[in-house]
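Below is one structure, written out as structure tokens; the observations come after it.
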């Protein structure tokens, strides 16, 4: 489970129980801060989409003058939101450069073609610096990069076809 934290087994000598206990392995400070920044970035992207969608999809439903007035009314808000988004991206990049281990992970993950800084931050935060991954195949499946044959899955779960009444299955 991606939300399940890895556990660190520690030996305790407290009374009345001796033995091993599971203690969650918490993310370090920089990963926690990166998590907050990526969550902030996701909220900004969502708000930009909420504001921008009615402005772009209203063509053909309202006249040009009203549409232009709506776009002008929201232009300053959109500009400010996009500036905040750039600021969040810059903060994530600066945070990655502050921590040597985080910087190394960012460089490795972004070296893969098609993985941006944003995707790298989400992967590193979700996996707690790759410490929370117990099975790489499950994480690949969770990330959606494992190809599935849709036809094979559909055939597996398709109900058996019944012949029309009065006919035998062999005819």
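The values are calculated or read from the model by the stated rules, or taken from the named source; none is laboratory data. Since this is a predicted model, take the numbers as computed values, not measurements. All Cβ positions, even for glycine, are placed from backbone atoms using ideal geometry, and neighbour counts span all protein chains on display.
If residue 107 satisfies all but one of (1) surrounded by 14 or more Cβ atoms within 10 Å (Cβ to Cβ); (2) without any contact (Cβ under 8 Å) to a residue 40 or more places away in the chain, what's the number of the condition it fails?
Of the numbered conditions (1) surrounded by 14 or more Cβ atoms within 10 Å (Cβ to Cβ); (2) without any contact (Cβ under 8 Å) to a residue 40 or more places away in the chain, the odd one out for residue 107 is (1).
For segment 116-139, give me the residue count where each residue is surrounded by 13 or more Cβ atoms within 10 Å (Cβ to Cβ) and under 17 Å from residue 34 (Cα atoms).
Residues of segment 116-139 surrounded by 13 or more Cβ atoms within 10 Å (Cβ to Cβ): 117-133, 138-139.
From what's left, under 17 Å from residue 34 (Cα atoms): 117-132.
Count: 16.
When you look at residue 94, is it touching a residue at least 60 places away in the same chain (Cβ under 8 Å) and either assigned to a helix (DSSP H, G or I) or surrounded by fewer than 18 Cβ atoms within 10 Å (Cβ to Cβ) (or both), yes or no? I'd like the intermediate steps shown before the answer.
On the way: touching a residue at least 60 places away in the same chain (Cβ under 8 Å): no; either assigned to a helix (DSSP H, G or I) or surrounded by fewer than 18 Cβ atoms within 10 Å (Cβ to Cβ) (or both): yes.
Answer is no for this residue.
Looking at (1) modelled with pLDDT under 85; (2) over 22 Å from the mean Cα position of the chain (by Cα); (3) surrounded by 13 or more Cβ atoms within 10 Å (Cβ to Cβ), which is the only condition residue 31 fails?
(2)
Yes/no matrix, rows are residues, columns are (1) assigned to a helix (DSSP H, G or I); (2) at pLDDT below 90; (3) surrounded by 12 or more Cβ atoms within 10 Å (Cβ to Cβ); (4) touching a helix residue (DSSP H, G or I) at 6+ places or on another chain (Cβ under 6 Å):
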{"residue": "56", "(1), (2), (3), (4)": "yes, yes, no, no"}
{"residue": "74", "(1), (2), (3), (4)": "yes, yes, yes, yes"}
{"residue": "85", "(1), (2), (3), (4)": "yes, no, yes, yes"}
{"residue": "141", "(1), (2), (3), (4)": "yes, yes, yes, no"}
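Which condition number in (1) modelled with pLDDT under 80; (2) under 13 Å from the mean Cα position of the chain (by Cα); (3) not in a helix (DSSP H, G or I) is the one that residue 115 fails?
Residue 115 satisfies all of (1) modelled with pLDDT under 80; (2) under 13 Å from the mean Cα position of the chain (by Cα); (3) not in a helix (DSSP H, G or I) except (1).
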